[in-house]
1. What's the total number of residues in segment B:119-138 that are farther than 16 Å from B:Leu107 by Cβ and open to solvent by less than 10 Å² (accessible area, probe 1.4 Å)?
2. Is one or more of the residues making up segment A:114-131 more than 25 Å from A:Glu220 (Cα to Cα), within 14 Å of chain B (Cβ to nearest Cβ) and not charged (D, E, K, R)?
3. If you go through segment B:230-258, how many residues are without any contact (Cβ under 8 Å) to a residue 40 or more places away in the chain, more than 8 Å from chain A (Cβ to nearest Cβ), within 21 Å of the chain's Cα centre (by Cα) and open to solvent by 10 Å² or more (accessible area, probe 1.4 Å)?
4. Does A:Leu219 satisfy the criteria of being more than 14 Å from chain C (Cβ to nearest Cβ), closer than 25 Å to A:Asp32 by Cβ and modelled with pLDDT of 95 or more?
5. Can you say whether A:Val188 is surrounded by fewer than 24 Cβ atoms within 10 Å (Cβ to Cβ), of a type in the set (Val, Ile, Thr) and touching a residue at least 40 places away in the same chain (Cβ under 8 Å), as far as the supplied structure shows?
6. Restricting attention to segment A:90-104, does a residue exist that is open to solvent by less than 20 Å² (accessible area, probe 1.4 Å), farther than 28 Å from A:Thr22 by Cβ and out of contact with any strand residue (DSSP E or B) (no Cβ under 8 Å at 6 or more places or on another chain)?
7. Mind listing whichever residues of segment A:5-63 are open to solvent by 20 Å² or more (accessible area, probe 1.4 Å) and β-branched (Val, Ile, Thr)?
Amino acid sequence: MNNTEVFPLKSFDQACHHMVKTHPLVHCMTNDVVQEITADVLLAAGASPAMIIDKHESADFAAIADCLLINVGTLTEERFVAMQLAIEAAQKTNKPWVLDPVASGLLPWRDKMIHQFLNLMPTVVRGNASEILSLAGAGNGGHGVDSADDSRQAVSAARQVALRYHTIVAVTGETDFVTDGKRTLSVVGGDVLTTLVVGTGCSLSALVAAYCAKSDSPLEATAAALTMAKQASEIAASKSTGPGSFHPAYLDALYAIAREHI
Amino acid sequence: MNNTEVFPLKSFDQACHHMVKTHPLVHCMTNDVVQEITADVLLAAGASPAMIIDKHESADFAAIADCLLINVGTLTEERFVAMQLAIEAAQKTNKPWVLDPVASGLLPWRDKMIHQFLNLMPTVVRGNASEILSLAGAGNGGHGVDSADDSRQAVSAARQVALRYHTIVAVTGETDFVTDGKRTLSVVGGDVLTTLVVGTGCSLSALVAAYCAKSDSPLEATAAALTMAKQASEIAASKSTGPGSFHPAYLDALYAIAREHI
Amino acid sequence: MNNTEVFPLKSFDQACHHMVKTHPLVHCMTNDVVQEITADVLLAAGASPAMIIDKHESADFAAIADCLLINVGTLTEERFVAMQLAIEAAQKTNKPWVLDPVASGLLPWRDKMIHQFLNLMPTVVRGNASEILSLAGAGNGGHGVDSADDSRQAVSAARQVALRYHTIVAVTGETDFVTDGKRTLSVVGGDVLTTLVVGTGCSLSALVAAYCAKSDSPLEATAAALTMAKQASEIAASKSTGPGSFHPAYLDALYAIAREHI
């Protein structure tokens with residue numbers, strides 16, 4: 001891939017140490033399917049998750065937490081309102097927030113909501129190739145929530161989206177790319193079994209939030225989160241006989257990597 | 001059991017190959033408890049899950065997906081509206097849909113909702129013995145969401161329900177039965193540990209939807225889905241020391257069976 | 001710890017045998033994150049879970065079930081109404097109910113709701129040290145949903161809360177304490193890995209409800225539930241390489257303990 005830099009392991013080690021040491025509190029407003037794996041991934045990786053979702057307290061909690069995750073997987077009108085309040089509070093208190101535009105490009109109402117979120121300028125947007133292509137006005141939509149495209153095909157779209165919304169864009173897949181529109185980092189590794197466990201992508205967005213929480217460089221922090229997930233996936237795949245055994249092995253691997261970086 | 005045929009393994013092999021090859025997109029509108037296992041079962045088995053639940057987009061997605069699952073486990077009024085819209089869209093676009101009448105016979109409001117769904121004539125209804133007995137106006141209700149009856153006692157009720165609502169009825173338990181009211185197939189195997197892992201029944205209804213997605217015979221497709229689950233349960237039980245280790249082993253076994261049938 | 005008694009193993013054995021034999025039906029109204037682990041813990045331990053959450057049927061089901069769990073983790077206004085109806089029905093039919101005041105002390109709206117629940121006099125309140133301290137008007141709040149305090153520091157607060165609301169209070173942590181304000185039982189054991197798996201605390205509150213369902217002594221029943229969890233945690237930790245493998249091992253251990261006590 002032209003004009004991309006491989007994210008160096010040394011930078012990962014520093015970012016991981018920093019994340020684990022600061023034990024960030026991650027405010028997760030995510031979909032109904034991945035609540036448990038999202039919390040478990042954050043706990044294993046050394047962060048602290050909390051799911052506060054009602055409009056009466058989402059803003060209050062966003063002001064307390066160190067970062068915010070917005071995932072539109074099972075969005076409802078009521079949840080949208082609570083999310084907007086949380087985003088405003090996060091911005092007022094200078095907390096980074098991550099948008100996961102699940103199934104972008106597939107359904108009109110969802111796309112309208114996603115664009116309202118994009119206009120609030122998330123710190124980072126993380127999605128698969130089909131999702132990022134659709135944010136740039138390209139692509140033909142994914143296969144439901146799964147990508148129908150290769151991440152390498154979406155790098156140019158990621159750069160466009162990053163420049164248009166003044167955000168960092170991470171497009172994940174066989175190779176992951178993170179870009180601010182000018183500089184583009186790549187992360188290799190991982191295993192295809194990851195795609196057969198629900199929530200590995202959604203929980204990765206939460207991990208990106210955790211890494212960004214107290215970082216000076218959301219670009220590098222995002223690349224570090226992706227690196228941790230790629231490393232854990234490889235370790236887990238080597239110990240698994242299928243997606244069922246991959247899931248606990250993935251959490252154990254995140255935990256082992258976190259402990260190595262204390 | 002009189003007047004039932006054992007579903008042949010050869011028919012299972014064909015149906016499984018067909019399902020895995022066509023990689024159906026399953027629109028899941030299911031309860032809050034089993035979201036993750038439902039998605040994981042479909043992914044391991046070779047299908048593609050997506051949970052789209054809001055009334056603004058449930059119809060749009062039902063028209064895109066290959067089949068629809070309606071599970072009333074944690075039904076709310078708002079979810080009911082979104083489910084009705086999805087069912088209408090599935091019917092207009094000739095997509096099969098499966099009803100899982102969780103805890104039928106136990107609570108008046110739920111029973112009213114379930115009968116409204118039944119009157120929309122689902123392609124398949126899958127439940128445990130207590131649930132199917134209650135749909136036929138018999139039985140005394142289950143122990144919460146668990147069956148208080150044996151599946152063999154519910155075969156006659158299943159036939160009645162199938163004829164009354166022009167649907168396929170699957171009653172699952174120690175032996176599974178699938179009937180269109182005239183022809184009744186039986187599936188044996190499985191393991192009692194299955195009953196100690198939440199969502200094995202609910203995710204089975206999702207697997208039935210996946211098998212029916214592009215099938216000419218929903219009767220045989222349903223029997224094939226039940227066979228896959230029974231086989232995976234047996235394999236998983238042989239590798240487990242309890243319900244905790246059964247869960248990942250069950251997913252691994254589904255994955256192994258799917259790969260054998262590509 | 002002064003003025004506390006170690007809960008004897010012999011009392012645990014009796015209480016566990018009684019719980020498993022009576023197979024209580026536990027009505028769980030809990031948060032979105034821990035639905036699956038809560039159901040799985042109850043099933044493994046020998047009880048029967050059911051999640052019925054809508055205001056149209058929460059009261060009807062509370063009258064059928066043997067006990068009720070109220071957990072405020074992802075509380076919404078609508079859920080609050082349904083919970084109140086369930087509590088009233090549980091009280092009218094003399095069923096015990098357990099309150100889990102997740103993240104008490106952190107957010108104003110949540111605290112208002114928790115105090116409305118407390119005024120309905122739950123049979124048992126189970127929380128971590130930060131939560132119980134906040135109920136007594138002390139402490140500085142936890143780190144999100146995690147405790148920032150040691151359970152030993154909260155024993156006096158637990159006694160105050162117990163006396164003020166005529167309830168049993170369980171404060172769990174490295175050592176667990178259960179008190180009715182006069183008598184205080186302690187339970188040791190467990191493993192720190194428990195804190196890295198989401199829902200081990202929330203599902204413990206459900207297990208407390210199961211033990212209280214048909215017990216003459218909610219104080220001892222609560223201590224017995226905590227003992228079962230501590231024992232299972234120790235067994236699971238000895239077989240785990242991290243929080244991922246701990247989760248299935250914990251369920252297997254609960255299942256093994258339950259079977260030993262049939």
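The values are calculated or read from the model by the stated rules, or taken from the named source; none is laboratory data. Remember, predicted model here, so these are calculated numbers, not experimental data. Cβ: placed from backbone, ideal geometry, glycine included. Neighbour counts: every protein chain shown. The area values use the complete protein model at the heavy-atom level, side chains included, leaving out ligands, DNA and RNA. Shrake-Rupley method; radii C 1.70, N 1.55, O 1.52, S 1.80 Å.
1. Going through segment B:119-138 one residue at a time, the tally reaches 5.
2. Scanning segment A:114-131, I find at least one residue that is more than 25 Å from A:Glu220 (Cα to Cα), within 14 Å of chain B (Cβ to nearest Cβ) and not charged (D, E, K, R), so the answer is yes.
3. 1
4. In short, no.
5. yes
6. No, that holds for no residue.
7. Quick first cut of segment A:5-63, residues open to solvent by 20 Å² or more (accessible area, probe 1.4 Å) only: A:5-6, A:8-11, A:13-15, A:17-18, A:20-23, A:32, A:55-56, A:59-60, A:63.
Hits for segment A:5-63 are A:Val6, A:Val20, A:Thr22.
Every residue, every condition in (1) closer than 27 Å to C:Ala253 by Cβ; (2) in contact with a strand residue (DSSP E or B) (Cβ under 6 Å, 6 or more places away or on another chain), yes or no:
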| position | (1), (2) |
| --- | --- |
| B:Val178 | no, yes |
| B:Leu185 | no, yes |
| B:Val188 | no, no |
| B:Val198 | yes, no |
| B:Ala206 | no, yes |
| B:Leu219 | no, yes |
| B:Ala232 | yes, no |
